[in-house]
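Here is the structure we will look at, set down as structure tokens.
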Amino acid sequence: MNSSDFSFKNNEIFSETEVNETTALELGLTEDEYRQIVKVLGRTPSYTEIGIYGVMWSEHCSYKNSIKQLKTLPRSGGRLLVEAGAENAGLVDIGNGYAIAFKIESHNHPSAIEPFEGAATGVGGILRDIFSMGARPIAALNSLRFGELNSERTKFLLKGVVHGISHYGNSFGVPTVGGEIYFEKCYQDNPLVNAMAVGIVRTDKTATATASGEGNPVFIIGSSTGRDGIHGASLLASREFDEKTDDMRPTVQVGDPFAEKLLLEASIELIESGVIVGIQDMGAAGISCSTSEMSAKGEVGMDVNLDLVPLREKNMSAYEIMLSESQERMLIIVDKGREQIAIDICKKWDIPIKQIGVINGNGKLNIFRNGNKVAELNADSLVLGGSAPQYDREAVRPEYLNETENFDFSTIDINSINLSEAFIKLLNSPNIASKRWVYEQYDSQVRTNTVSIKGDAAIIRLKELPGKGIAVCTDCNSRYVYLNPYQGAMASVAEAARNVVCAGATPVAITNCLNFGNPYDKEVYWQFKEVIRGMGDACRKFNTPVTGGNVSFHNESQKHAIFPTPVIGMLGVIENLDLRSSADFKNENDKIFVLGWDREEFGGSEFIKIYFNKVTGQAPVLDIDNEINLQATTLELINQKLINSAHDCSEGGLAITLAEKAISSGANLGCKIVLENATAAALFGESQSRIVISAADENIEKIKEICLKNNLPLLQIGEVVKNTFSINNEIEFSVEDLRSNYENAIPNLINKKF
Amino acid sequence: MKFGVVVFPGSNCDHDAFYAIGTNAGANVQYLWHKDSTIPSDIDCIILPGGFSYGDYLRCGSIAKYSPIMREVINFASKGGYLMGICNGFQILTESGLLPGALLRNTSLNFACKDVFLRIENNDTFYTNNFSRSDLIRIPIAHGEGNYFAEPETIKELEDNDQVIFRYCSPEGIISDEYNPNGSINNIAGIVNKNKNILGLMPHPERYSDELLGCNDGIAIFLSLIRRFN
């Protein structure tokens, strides 16, 4: 690169076509926003400039309708090494000089119209967020939601999404170790694909997404830039589905996991070499986003000559290059004078590296193409935290809550339902049944750190810190959130924490993916505000700050919004892997106890959904102080080696929890349970804050003592027996039968023609 | 004795093999870079690890045979050096003509990552001398193209010469279709060449070489080799 690359005779700003308010509206901006842009610039923007504003001020990039709320969450403190949103992913100190980088992000809209590539690039995007921090990805999880599994379309989406995740993650070499899948009518047209990744990095080897140092060269590394993904962030991700959506398939990016693997190795080596000043991946809004965000954060500017960007197609315009969302690219700022080191590392890994610009000191993004200056913008004017708009939208409590909250369960005929039949129906429900068909398509073991994927949370050992491990999971029961956004959000955080506790881990931090309908709908916005309030309250109490994440609005079609779905990705730390725990029954004759409170609640339960096709009632109550007591006591029992298994109650209630403990036992261990009142509510109600444990006789006194000391209810309900599963002699099956129902339910539906 | 683990750009089980051999089995091990055109003289056994060598968008392993290191690997093996291909490594061995047959797509057409049981069909090799014949081991598979295929005469030759080393089986050791995870002919999971110095297998012994990961049945394969040399 030489100085002539940036000497242009004509300093006027070139516009391919004339820009006016209509152009802005077509790009998804509002009239007000267009006026604001003209005011900030003091002139009419060029076509390239309005394109950059269009993506940078889109919901997806600017968080304009969510950021004011997000700022109320606990976003720093504890073990957090960077504040939420400050870098590409959250960073949590795990001691001994190491940190865990983790984040969850949505790829809902692309997956809805092109499930394979949509899901694949969702995985690719979140992995880049992790390794651009200098962290090597060690685990991936996915939280997926589809319409009910009774149509060819749902099958098509499910298969496509699972193949996409499997294709990308397996080839890249990250173990996919957990997540969740739900089937619910509200996701019929708008499936949710939330991808989470977890990485490990030495705290003195982390990288930052900040540009600095006037005169430092700016490079693009990785794949060349094509026409894929243009308008992905602004027009696809930031509005609802309508009849035109299918035409937007070209806005979905195409993934290349092999290119990503090379980019990973090169990026980590570049960061370790010390020549990198700043690095950011190119996902949504591509070059526009990476150049403006890095510049704004470093309070510098960049001169960028788009003629130098390696292109897949000739004759791409400045607009197209700036908005392309081609995958597997990074923008890096290199310490001037040490460029050759960076070039050599990229050569080693056979990935293209090309200087496209330099850092300037005046805070401006100067973009050039074909000898013209096509944009001259203050980087700060584009980004969140700078001039990007921030809105507080009107919120109104939704009408439907009057009906659901006052629903009287005595008006439906629950008593005539045969409990044994209901139990088998629940076991066969796709929301409860084994997800083996899905997870066996994911490589869950590559990198040989996977200690367990069987329990409530996946357990990963850390080779860097022998004896230490992490537990990770994703959780959200969106029915509870729909019925009570505040309580439901708290329940999501609580369940995620409970799940890592059941693995023997201490919950330390969360990442969140907030999936909602249209924020301009007052009822949707009320749900959003209530969810943030609940999540904030829960995270403060649990001392699990929010490390970052993603907001996905506009998840609706034909005016039907999805249930509010705030997915929580939880990180737990296991200081001593010898003290890990798992869900399955271990030994015959062990006694079985329920820890916690049973309120016999039906609201939002799978049981009511299956029998009455209703999602109604009050969401299960969540008392955070009780929940904290339950989790602390369970950890105490695990750490004193007093219990042999722990598994929480969730969908399907106590009966399903017990069934899962039996089915997952290696030795066909079942149980004999005697309940005082084996009612449908006691068996299938989904009261929160309950964990079922099993323990040897010699530890029972000690367990009782600890529960008494902590004031935690403890109820002995039965014992572990060989081969049979029975509850009050009303429900009686062989463990083999249970397993066969549980394992075959989803494959049978997938093989069925609808 | 010293192992070398080849690193192709898309290898992703290279670290795992390195760790299983170096840390779990306690042997000397070093990486061999795919662009290298020499192999250090002190290497006794080369591992072609699992992964997606060059992306494998064409047939798995078909590009790898053209890499500089593979010329040397072929040389090394033709002189009797020990060469073991795991998963993608097995695919590279068949693509390179070092082992007969081919690995087709799984009959399910899906990638499959799960535990399988293997029956030791021949313990008279340097890879299996720590086992008894008919021993059963639990090892995971993780592949989309592991369906072993060869012409009938090749299969007959493999069987007649005792070149089939591992077969997929039930937990009790029964060989049947029900326990064939990918459609491989005769439930073949791993074979050696006639000289028995080259082993290819789809399952991943390096993944179960550590008690912490739930099973260490795989380590015996590495220990067999180490015993041969020490």
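At a threshold of 30 Å², the residues of the stretch A:312-360 that become less accessible to a 1.4 Å probe in the full protein assembly than in their chain on its own are A:348, A:349, A:350. Take every Cα pair under 8 Å whose residues are at least 6 apart in sequence, average their separation, divide by the length of the stretch B:2-229, and the relative contact order is 20 percent. Measuring only protein heavy atoms, the 1.4 Å probe finds residue A:306 accessible over about 0 Å². Legend: calculated FRET efficiency, residue A:354 to residue A:740, from the Cβ-Cβ distance at R0 = 56 Å, rounded to 0.05, equals 0.45.
Please compute how much accessible surface disappears when A pairs with B, both sides summed, using a 1.4 Å probe, and round it to the nearest 100 Å².
Details: alone 26540 and 9790 Å², together 33780 Å².
Summing both chains' loss of accessible area gives about 2500 Å².
Amide H contacts for residue B:12 (H built 1.01 Å from N in the peptide plane; partners 5 or more residues away or on another chain; cut-off under 5 Å): B:51, B:52. Once the 1.4 Å probe is applied to the protein heavy atoms, chain A comes out at 34 Å² accessible per residue.
In the stretch A:123-212, inverting the average of 1/r over every pair of distinct C-alpha atoms gives 14.4 Å as the Kirkwood radius.
Report the local net charge at residue B:2: Lys and Arg +1, Asp and Glu -1, summed over other residues whose C-beta lies under 15 Å from its C-beta. Mind dumping the intermediate values first?
Details: positive: B:227, B:228; negative: B:42, B:44.
Neighbour charge sum, excluding residue B:2 itself: 0.
With r as the distance between the Cβ atoms of residue A:750 and residue B:195 and R0 = 56 Å, compute the FRET efficiency 1/(1 + (r/R0)^6) and round to 0.05. Computed FRET efficiency for residue B:195 and residue A:750 comes out at 0.80. Heavy-atom accessible area for residue A:439, with the other protein chains in place and a 1.4 Å probe, reaches approximately 80 Å². Taking one quarter of the surface of the C-alpha convex hull of the stretch A:581-754 gives a mean projected area of 10.8 nm².
Taking 0.36 nm per residue of separation and subtracting the current Cα-Cα distance, fully stretching the chain between residue A:698 and residue A:71 would add 220.7 nm. Legend: residues B:56, B:42, sorted from most to least accessible area (1.4 Å probe; ligands, DNA and RNA excluded), read B:42, B:56. Residue-normalised convex hull volume from the C-alpha trace of the stretch A:524-610: 210 Å³ per residue. The portion of the accessible surface of the stretch A:581-754 made up by carbon and sulfur, rounded to a whole percent, is 46 (1.4 Å probe; DNA, RNA and ligands excluded).
All other residues with a Cβ under 13 Å from the Cβ of residue A:150 taken together, and with Lys, Arg as +1 and Asp, Glu as -1, what is their net charge? Present the calculation step by step, with values, prior to reporting the outcome.
Numbers: positive: A:153, A:155, A:185, A:752, A:753; negative: A:148, A:152, A:184.
Taking every Cβ under 13 Å from that of residue A:150, the sum is +2.
Kindly give Rg over Rh for the stretch A:574-664, based on alpha-carbon atoms, with the Kirkwood expression for the hydrodynamic radius. Walk me through the numbers before you get to the answer.
Details: Rg = 15.4 Å, Rh = 15.1 Å.
A ratio of 1.02.
All other residues whose Cβ lies under 12 angstrom from that of residue A:259 are scored, Lys and Arg at +1 and Asp and Glu at -1, for a net of -2.
Return a whole-number percent for the relative contact order of chain A, with Cα pairs under 8 Å and 6 or more residues apart as the contact set.
On the way: 1916 pairs, mean separation 113.8, N = 754.
Rounded, it is 15 percent for chain A.
With N as its number of residues, the stretch B:2-229 has a Cα radius of gyration that, divided by 2.2 N^0.38 Å, comes to 0.91.
Helix A:522-542 and the longest principal axis of the C-alpha atoms of chain A enclose an angle of approximately 70°. In sequence order, the stretch A:669-682 has phi-based couplings of 8, x, 7, 10, 10, 10, 10, 4, 10, 8, 8, 4, 5, 5 Hz under the Karplus curve 6.51 cos²θ - 1.76 cosθ + 1.60, θ = phi - 60°, and Gly or Pro positions carry x.
Residue A:155 exposes around 10 Å² of accessible area when a 1.4 Å probe is run over every protein chain in place. Residue separation of residue A:30 and residue A:589 scaled by 0.36 nm, minus their Cα-Cα distance, works out to 194.5 nm of gained length. Roughly how tilted is helix A:700-710, in degrees to the nearest 10 and between 0 and 90, from the longest Cα axis of chain A? Around 60 degrees separate the two axes.
Annotation: amide H-H contacts under 5 Å for residue A:373 (H modelled 1.01 Å from N, sequence separation of 5 or more, or interchain): A:14.
Note that the stretch A:273-290 has calculated 3J(HN,Hα) couplings of 5, x, 8, 8, 8, x, 8, 9, 7, 10, x, 4, 6, x, 5, 4, 6, 5 Hz, one per residue in order, obtained from phi through the Karplus relation 6.51 cos²θ - 1.76 cosθ + 1.60 (θ = phi - 60°); glycine and proline are x. Within the stretch A:635-711, all pairs of alpha-carbon atoms sorted by distance into 5 Å bins from zero give the percentages 3, 13, 22, 22, 22, 15, 3. Considering all different alpha carbon pairs of the protein assembly as shown, the Kirkwood hydrodynamic radius works out to 29.4 Å.
Please give the calculated 222 nm ellipticity per residue for chain A, where each DSSP H segment of at least 4 residues contributes -39500 (n - 2.57) and the sum is spread over every residue; nearest 500 deg cm²/dmol? Working shown, then result.
Numbers: 24 runs with 257 residues, N = 754.
Only helices count here, giving -10000 deg cm²/dmol.
A cut-off of 5 Å between modelled amide H atoms, ignoring neighbours fewer than 5 places along the same chain, links residue A:94 with A:99, A:100.
3J(HN,Hα) along the stretch B:186-192: 6, 6, 6, 10, x, 9, 10 Hz, from the Karplus curve 6.51 cos²θ - 1.76 cosθ + 1.60 with θ = phi - 60°, whole Hz, x for Gly and Pro. Annotation for the stretch A:632-653 versus the stretch A:675-749: alpha-carbon center distance of 12 Å.
Annotation for residue B:230 and residue A:362: the two label points, set 7 Å from Cα along the Cα-Cβ direction, are 6.9 nm apart. Under 11 Å from a label point set 7 Å out along the Cα-to-Cβ vector of residue B:23, no amide N atom of the stretch A:198-222 is found. Between the Cα long axis of helix A:624-639 and the first principal axis of chain A there is an angle of about 80°, rounded to the nearest 10. Inter-label distance, residue A:641 to residue B:134: 3.9 nm, where each label sits 7 Å from its Cα along the C-beta direction.
The values are calculated or read from the model by the stated rules, or taken from the named source; none is laboratory data. From a predicted model like this one, the values you see are computed outputs, not experimental measurements. For neighbour counting, all protein chains shown are included, and Cβ atoms are generated from backbone atoms with ideal geometry for every residue, glycine included. The protein model used for the area step is the full one, side chains on, heavy atoms only, and it has no ligands, DNA or RNA in it. Shrake-Rupley method; radii C 1.70, N 1.55, O 1.52, S 1.80 Å.
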